[in-house]
Amino acid sequence: MNDGGANSPDRGTLPEKNGEHPYGDAGQLILLGLFLVVWVGDSFFVQSSTFLANYVPLFLRLIILVLSLAAAFALVRSGHVVVSHGERSTAVVSTGAFQYVRHPLYLGCLLFYFGLACATASLWSLALLVGIFLFYNYIAGYEEELLEARFGESYRTYKEKTGKWLPMVWG
């Protein structure tokens, strides 16, 4: 996600990388490539799991695609403020998309995948998305431990008020 530092928890032999999981970027790129291969292969060539496209109208699938991509773009654009600066933040970031969810960049990526999978009704792609979500959830949890070690009570309070993946609509 965004921050880390000398006060990071002991994470075994994994070296910390600017408050992110050391294999987070590589994992995301590998999963993007894998998703695109599965999605393109299943959606346009093999079509072994796209039978639902016969039952769900194209206009509905395209609406889901457009809404997913619009939400993904908005989340990434708003959340990118944390990683676009040369300096790491010295406080918990709770503005922009971060006031609603703790991992807007990751959520934006997941919505991108979801939109593509829904547009072609590729069940293989949706199944792979479950695995991709588990990966993102793992690296998000790792990064939250680093943030909690760095910012302490400030981050714990932020976590109580903000949903990890979905905005909190209660309390």
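The values are calculated or read from the model by the stated rules, or taken from the named source; none is laboratory data. On a predicted model such as this, the values are computed, not experimentally measured, just so you know. We place every Cβ from the backbone using ideal geometry, glycine too, and count neighbours over all the protein chains shown. For the accessible areas, the whole protein counts, side chains as well, though only heavy atoms, and no ligand, DNA or RNA atoms are used. Shrake-Rupley method; radii C 1.70, N 1.55, O 1.52, S 1.80 Å.
At 1.4 Å probe radius, can you tell me the per residue accessible area of the chain in Å²?
Accessible area per residue: 55 Å².
Mean separation of Cα pairs under 8 Å and 6+ residues apart, divided by the residue count of the chain: what relative contact order is that in percent?
36 percent
Apply the Karplus parameterisation 6.51 cos²θ - 1.76 cosθ + 1.60, with θ equal to phi minus 60°, to every residue of the stretch 161-166 and state each ³J(HN,Hα) to the nearest whole Hz, in sequence, with x for glycine and proline.
Couplings: 9, 10, x, 5, 10, 10 Hz.
Taking every pair of alpha-carbon atoms in the chain, what share in percent sits in each 5 Å bin, from 0 to the bin with the longest distance?
Calculated over all Cα pairs of the chain, the distribution is 1, 9, 15, 19, 18, 14, 10, 7, 4, 2, 0 percent.
Rounded to the nearest 20 debye, what is the charge dipole size of the stretch 132-171 about its Cα centre when +1 sits on each Lys and Arg Cβ and -1 on each Asp and Glu Cβ?
With only Lys, Arg, Asp and Glu charged at Cβ, the dipole is about 120 debye.
For the stretch 109-114, just list the computed ³J(HN,Hα) in residue order, Karplus coefficients 6.51, -1.76 and 1.60, θ = phi - 60°, integers in Hz, with x standing in for Gly and Pro.
Values, residue by residue: 5, 4, 5, 4, 4, 4 Hz.
For the chain, set up a GNM with springs between Cα atoms under 10 Å and report which of LEU60, LEU31, LEU129 has the largest fluctuation.
LEU60
Which FRET efficiency value, to the nearest 0.05, do you get for ALA53 and THR95 by plugging their Cβ-Cβ distance into 1/(1 + (r/R0)^6) with R0 = 45 Å?
Using R0 = 45 Å, I get an efficiency of 0.65.
With runs of 4+ DSSP H residues as the only contributors, calculate the mean residue ellipticity of the chain at 222 nm using -39,500 (n - 2.57) per run, divided by the residue total and rounded to the nearest 500.
-19000 deg cm²/dmol
Give the longest segment of the chain that steers clear of chymotrypsin sites (Phe, Trp or Tyr not before Pro) in DSSP loops with at most 12 neighbouring Cβ atoms within 10 Å, not counting the sites themselves.
56-169
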